[in-house]
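Here's the structure, in structure tokens; my notes come after.
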Amino acid sequence: MARPGRNSNGEESPKVKISKEAVNEALAILKYITPYKAQFIGGLFFIALSSGTTMAFPYMLKRLIDSAHGDLKGVYAYTPGTIALLMIGLLSVQMVISFFRIYLFTSVGENAVGDMRKDIYSRMIMMSMDFFAQRRVGELSSRITADVSQIQDAVTTVFAEILRGVLTLIIGIGLILFISPKMTALMLSVVPVIIVIALVFGKFIRKMSKKSQDQLAESGTVVQETLMGISNVKAFSNEWHEISRYNKTIENVVGTAIRTGRFRGLFVSFMLFSVFGAIVLVVWYGAGLMQQGQLSFGDLTAFVVYTAFIGGTMAGFADLYSQLQKTLGATQRVRELLKEPTENVSFKESSVDRQYKLGGSVSLKNIGFSYPSRKEVEVLKDISIEANTGQQIAIVGPSGAGKSTLVSLLLKFYEPDKGEILFDGRPSTDIPLTQLRMQMALVPQDILLFGGTIYDNIAYGKPGACLDEVKAAAQQANAHDFISGFPEGYQTVVGERGVKLSGGQRQRVAIARAILKDPVILLLDEATSSLDSESEAQVQEALQNLMKNRTSFVIAHRLSTIRNADVIIVMEDGRVKESGTHADLIKIEQGLYRNLNKLQLFEA
Ligand SMILES: Nc1ncnc2c1ncn2[C@@H]1O[C@H](COP(=O)(O)OP(=O)(O)OP(=O)(O)O)[C@@H](O)[C@H]1O
Ligand SMILES: [Mg+2]
């Protein structure tokens with residue numbers, strides 16, 4: 001089992017100083033427990049009970065021992081048989097209590113954490129594109145796994161352990177005081193000192209083993225990088241270079257680990273000496289008291305057992321404290337995420353509202369835009385484009401001109417800084433985001449298929465579509481033939497764990513998905529990867545089918561494919577340099593389009 005609070009990269013929730021602010025954040029997270037309050041309080045109650053029964057056990061043990069010894073006085077004189085029966089009874093009660101304690105806490109913890117994960121995921125997926133641009137995927141998924149597990153740990157064990165620890169200390173110290181104040185004084189002057197030394201030492205060792213773990217992770221990175229890029233390593237014959245790089249990291253790991261081992265050896269021998277030394281000291285003192293008749297044999301036994309409980313609890317508190325700090329770190333990160341503003345997407349809309357039904361005319365008016373993460377670079381400058389219903393608008397231009405960015409703005413992944421986008425003359429800000437996106441389809445530049453069947457991937461354009469609809473779409477997208485060629489047909493699993501589709505096949509699946517969606521406005525970001533001429537012809541035909549009767553924006557790299565577009569927009573460096581039909585643009589002497597066209601004619 002993975003250690004809680006740690007994801008697969010060994011990344012832990014950060015520790016946070018226990019401050020008022022951090023505690024408030026944590027309390028806000030407790031709202032997830034509220035629905036399961038009754039169970040939670042029940043669980044706490046059973047913990048208190050179980051501390052009570054646990055602490056009663058050594059006392060009963062003492063009575064059992066003393067009963068054999070004849071050290072009994074007056075009315076409390078039970079026979080050993082009776083006491084043993086009582087103890088068995090106590091154990092049975094303990095059994096029931098433990099069951100409920102574990103059951104209740106597990107159920108509260110799992111429920112609350114399940115709710116929290118659902119919440120975090122639904123918030124996360126509704127965030128704006130900018131949010132995702134600024135964060136690593138691994139970091140986000142560790143919020144939902146590692147941080148939440150850390151919180152779960154707190155709910156299910158940390159609270160319980162603190163409560164149990166406090167009770168153990170109070171009851172335990174009370175009882176040993178009752179058994180023998182003198183011995184208690186001796187014990188309390190020795191045991192905490194040992195514990196403090198052990199904690200300081202332990203912390204040092206933990207730091208060292210963390211260091212060797214980090215170094216190990218580093219060497220893991222070398223392995224991962226080189227294996228993933230193995231073709232690079234081999235093509236550059238850098239095997240020796242990588243071997244020596246890896247060896248160096250491993251030597252570091254070994255060095256640190258051995259140094260840690262030396263300290264751990266010292267630590268363990270110190271602990272063995274001091275723990276047993278303390279026992280000898282206490283028992284020696286107790287034996288003296290026994291000789292003087294101040295203490296029974298049972299008293300001494302119970303005292304030693306209680307001392308072990310108390311010592312263990314004190315040592316456990318340090319770990320609990322660091323768990324608590326980690327939990328606060330985790331709650332803070334989760335809260336940060338829950339506080340981020342989301343996009344205004346809505347779940348309820350399953351169909352297009354007549355009020356917002358798009359006609360298909362789009363106009364961009366003096367759009368200026370820079371990405372929120374790179375405010376200083378203006379990616380689009382004063383872009384104006386008019387698209388009438390059903391028109392095909394082609395966008396061409398060199399790499400980095402801002403073509404894909406323009407498409408992102410149409411989909412409202414981002415808002416323009418200047419100017420506005422109108423749909424049928426209505427400002428895009430007046431149309432609900434979900435309504436707008438429901439009527440557009442994007443065939444992106446880099447097509448990602450989900451892990452699932454081809455059927456699932458096409459039906460993504462229209463959730464719940466039947467196989468016939470999917471097939472019809474695939475036929476129009478020129479994808480039916482290759483799909484039927486697979487032994488499992490539409491049920492062929494694709495994605496990371498399934499069949500790998502070629503670039504052209506993926507494109508046609510994406511086109512089928514868009515056809516199935518039947519959008520009013522189509523956005524096509526043509527992939528640069530060149531297809532062989534047969535697949536290209538097939539993809540082209542599929543695209544022509546797709547563009548029929550809709551307004552489409554087509555980013556094209558091969559000019560041959562857009563010769564018939566109604567308007568060709570030539571972009572460079574974030575601006576519209578030229579626009580018009582193929583016939584218009586080809587006439588411009590020294591024109592960008594004319595030049596590009598010439599270059600591509602040579603290539604072909
Ligand atoms: N998420 C982002 N954050 C910041 N800058 C970005 C982001 N995406 C793109 N850019 C920058 O915006 C500029 C335009 O990028 P864009 O992807 O729109 O170009 P493009 O015309 O589609 O190029 P290509 O033909 O290579 O696909 C580039 O300089 C790019 O570095
Ligand atoms: Mg692009």
Spin-label model distance (nm) - residue 280 vs residue 141, 7 Å beyond Cα toward Cβ: 5.5 nm
Entries in 403/471; 471/548; 31/203; 118/403 that, when Cα-Cα distance is taken, lie over 25 Å: 403/471; 31/203; 118/403
Degrees separating the helix 533-547 axis from the principal Cα axis of the chain, which is the longest one: 90 degrees
GluC sites (Glu not before Pro) restricted to the stretch 366-401 and DSSP loop, no more than 10 other C-beta within 10 Å: 376
Most positive-pole-ward Cα, 195, 433, 399, against dipole of the chain from beta carbon charges: 195
Size of electric dipole in the stretch 449-517: Cβ of Lys, Arg +1 and of Asp, Glu -1, about Cα centre, debye, nearest 20: 220 debye
Shape of the stretch 125-242, Cα gyration tensor, a/c cut at 1.5: oblate
FRET efficiency, residue 209 to residue 68 (Cβ-Cβ, R0 41 Å, nearest 0.05): 0.30
Cβ crowding within 10 Å averaged over residues, with 121-128, 479-486 ranked highest first: 479-486, 121-128
Gain on full stretching of the segment that runs from residue 355 to residue 122 - 0.36 nm per residue minus C-alpha separation: 81.1 nm
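Please arrange 371, 455 by counting, for each residue, the other beta carbons lying within 10 Å of its beta carbon, fewest first. Walk me through the intermediate numbers first.
Working: 371 17, 455 20.
Ordered from fewest to most neighbouring Cβ atoms within 10 Å, 371, 455 come out as 371, 455.
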Estimated FRET transfer efficiency when R0 is 22 angstrom, pair residue 169-residue 196 (beta carbons, to 0.05): 0.90
Spin-label model distance (nm) - residue 376 vs residue 239, 7 Å beyond Cα toward Cβ: 4.6 nm
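DSSP loop trypsin sites (Lys or Arg not before Pro) in the stretch 294-370 with at most 10 other Cβ atoms within 10 Å of their Cβ, which ones?
348
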Degrees between helix 159-179 axis and first principal axis of the chain (Cα, 0 to 90, nearest 10): 10 degrees
Chain lengthening between residue 469 and residue 544 when straightened (0.36 nm per residue, less Cα-Cα): 25.1 nm
Gap separating the Cα centres of the stretch 351-384 and the stretch 84-127, nearest whole Å: 50 Å
Within the chain, helix-based [θ] at 222 nm, where runs of 4 or more DSSP H residues each add -39,500 (n - 2.57), nearest 500: -20000 deg cm²/dmol
Cα-based shape type of the stretch 20-339, given that a ≥ b ≥ c are square roots of the gyration tensor eigenvalues and the cut on a/c is 1.5: oblate
Cα-based shape type of the stretch 449-517, given that a ≥ b ≥ c are square roots of the gyration tensor eigenvalues and the cut on a/c is 1.5: rounded
Fewest-first sequence of 190, 509, 23, 137 by Cβ atoms within 10 Å of each Cβ: 137, 23, 190, 509
Cα-centred dipole magnitude for the stretch 20-339, charges only on beta-carbon of K, R (+1) and D, E (-1), debye, nearest 20: 320 debye
Net dipole in debye of the stretch 134-199 [+1 Lys, Arg Cβ; -1 Asp, Glu Cβ; about Cα centre; nearest 20]: 60 debye
Of all DSSP beta bridges in the chain, antiparallel share, percent nearest 5: 55 percent
Burial ordering of 377, 345, 520, fewest other beta-carbon atoms within 10 Å first: 377, 345, 520
Among 90, 277, 146 the positive-end extreme of the charge dipole of the chain (Cβ point charges): 277
0 to 90° range, to nearest 10: angle between helix 80-125 axis and the chain longest Cα axis: 20 degrees
Fully extended contour minus Cα-Cα distance, from residue 308 to residue 598, at 0.36 nm per residue: 95.6 nm
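Only the coordinates and a few stated rules stand behind these numbers; no lab work does. Worth saying up front: this structure is predicted, and the values here are computed from it rather than measured. Neighbour counts are summed over all protein chains in view; Cβ atoms, including those assigned to glycine, are modelled from backbone coordinates with ideal geometry.
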